[in-house]
Amino acid sequence: MPVQTEFFPEILRTGTEVTVLRSPLAPGLVVAFGRWRGEMSAISPLATGKGRDEGAAVAGALGEMAENLSIGARSHSGPVSAHFADGTLAVPDVRAIDLARRADSGSEGCACHGDPAEAKLRAALERLERAALAGWWLGRVEAVGVGLDADMVAGYRQGVVRRQVHAWRIDPLPGICAVMVLTEDQGGGRPVIGTAADVSLAVATEAALREACLGEIALLAPPDHPDYQRAMAFERAFSVRHAALGLAPGAAAEADPLPRSLATVAGACASAGHPLAFADLTNPEIGLPVFRCVCPSLPSWRMLAP
């Protein structure tokens, strides 16, 4: 399997059973499904990765599995606290302890990477992505339509299905681009959304499209499957907010993006009055850096998700 695995320790690679396929609804998207077969405790034995090629998809699945093995209570001997840049305590324990409780932060704002700074940056962008979606869901942030590159969409769809695809920008903070992509049947119905955040609007848009295409796979599950039931529950809840979305792209010119670095993203957040705090959740048995980003002043999607 032609996959770059230098970031992934042997215990993770050998303990994760990976199945790779192309999305039936978007053949341009490669999806990797991972199942943990090892002895260590994971908050979930399942992980998913996606990308334009097999390497990216498998790397995504292994990365998510590393998070599953690192953020739970059993992966650490005691509480793991998050601190702001000045050392002030933000949250006394950021481990995922009880996923049945909405107050538990689950995997929100978590990421892994061989480079700790990159892991922190990815965790921060995920936290901001979820904050943007939560802010829009609560009616606090406006969604502004953005145009989609037809060739990019066609590259994923490859003419297999004709679901509608639209995108909106929901910026949580100046300089941060959060994008929501909605796909739905031609006549409406069976909506699926994907979200992503980045300093680049183009990067965030394509990442959100990949997330939406991945979410569509749940629509193919049997009606009694948990993934299908969650998709239907989301459709019912989303109908309340769907009507608030306009389709006209915003006319504002795109500003030059910020440099993609942890320093610039954290600085933008601090300047807007939303300082970020980080916690090192690296599992010592795996050794792959895993960090959680928390920002108590921004809303949490996990608290609102259907």
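Only residues that are in contact with a Lys or Arg (Cβ under 9 Å, 6 or more places away or on another chain) and either assigned to a helix (DSSP H, G or I) or among the β-branched types (Val, Ile, Thr) (or both): list them for region 92-105, please.
Result: VAL94, single match.
Only one residue in ARG101, ARG130, ARG95 is surrounded by fewer than 16 Cβ atoms within 10 Å (Cβ to Cβ) and either out of contact with any strand residue (DSSP E or B) (no Cβ under 9 Å at 6 or more places or on another chain) or more than 19 Å from ALA263 (Cα to Cα) (or both). Which one? Steps first, answer last, please.
Numbers: ARG130 fails: surrounded by fewer than 16 Cβ atoms within 10 Å (Cβ to Cβ); ARG95 fails: surrounded by fewer than 16 Cβ atoms within 10 Å (Cβ to Cβ).
After ruling out the rest, the residue left standing is ARG101.
Kindly list the number of the only condition in (1) surrounded by 20 or more Cβ atoms within 10 Å (Cβ to Cβ); (2) of a type in the set (Asp, Glu); (3) part of a helix (DSSP H, G or I) that fails for GLU108.
(3)
MET232 fails exactly one of the following numbered conditions: (1) touching a Lys or Arg at 6+ places or on another chain (Cβ under 9 Å); (2) buried (at least 17 other Cβ atoms within 10 Å of the Cβ); (3) over 20 Å from ARG130 (Cβ atoms). What is the number of that condition?
(2)
I need the strands (runs of 3 or more DSSP E) fully contained in region 163-210, keeping only those with at least 3 residues that are surrounded by 21 or more Cβ atoms within 10 Å (Cβ to Cβ) and aliphatic (A, V, I, L, M).
Once the strands (runs of 3 or more DSSP E) in region 163-210 are filtered for at least 3 residues that are surrounded by 21 or more Cβ atoms within 10 Å (Cβ to Cβ) and aliphatic (A, V, I, L, M), what remains is 177-184, 192-198.
Considering each residue of region 141-157, count those that are in contact (Cβ under 8 Å) with a residue 60 or more places away in the chain and surrounded by 13 or more Cβ atoms within 10 Å (Cβ to Cβ), and give that number.
8
Of the conditions (1) at positive phi; (2) at pLDDT 95 or above; (3) in contact with a strand residue (DSSP E or B) (Cβ under 8 Å, 6 or more places away or on another chain), VAL30 satisfies every one except a single condition; which number is it?
(1)
Looking at region 111-123, which of the residues that are of a type in the set (Gly, Ala, Ser) and either under 18 Å from GLY72 (Cα atoms) or not assigned by TED's automatic domain parsing to the domain that holds ALA47 (or both) is surrounded by the fewest Cβ atoms within 10 Å (Cβ to Cβ)? Show your work before the answer.
Going through region 111-123, the residues of a type in the set (Gly, Ala, Ser) turn out to be 111, 114, 117, 119, 123.
If we keep only those that are either under 18 Å from GLY72 (Cα atoms) or not assigned by TED's automatic domain parsing to the domain that holds ALA47 (or both) as well, we get 111, 119, 123.
Numbers: ALA111: 24, ALA119: 28, ALA123: 27.
Here the answer is ALA111.
The values are calculated or read from the model by the stated rules, or taken from the named source; none is laboratory data. Only a predicted model underlies this, so the values are computations on that prediction, with no experimental measurement involved. Please note: Cβ atoms are built from the backbone with ideal geometry, for glycine as well, and neighbour counts cover all protein chains shown.
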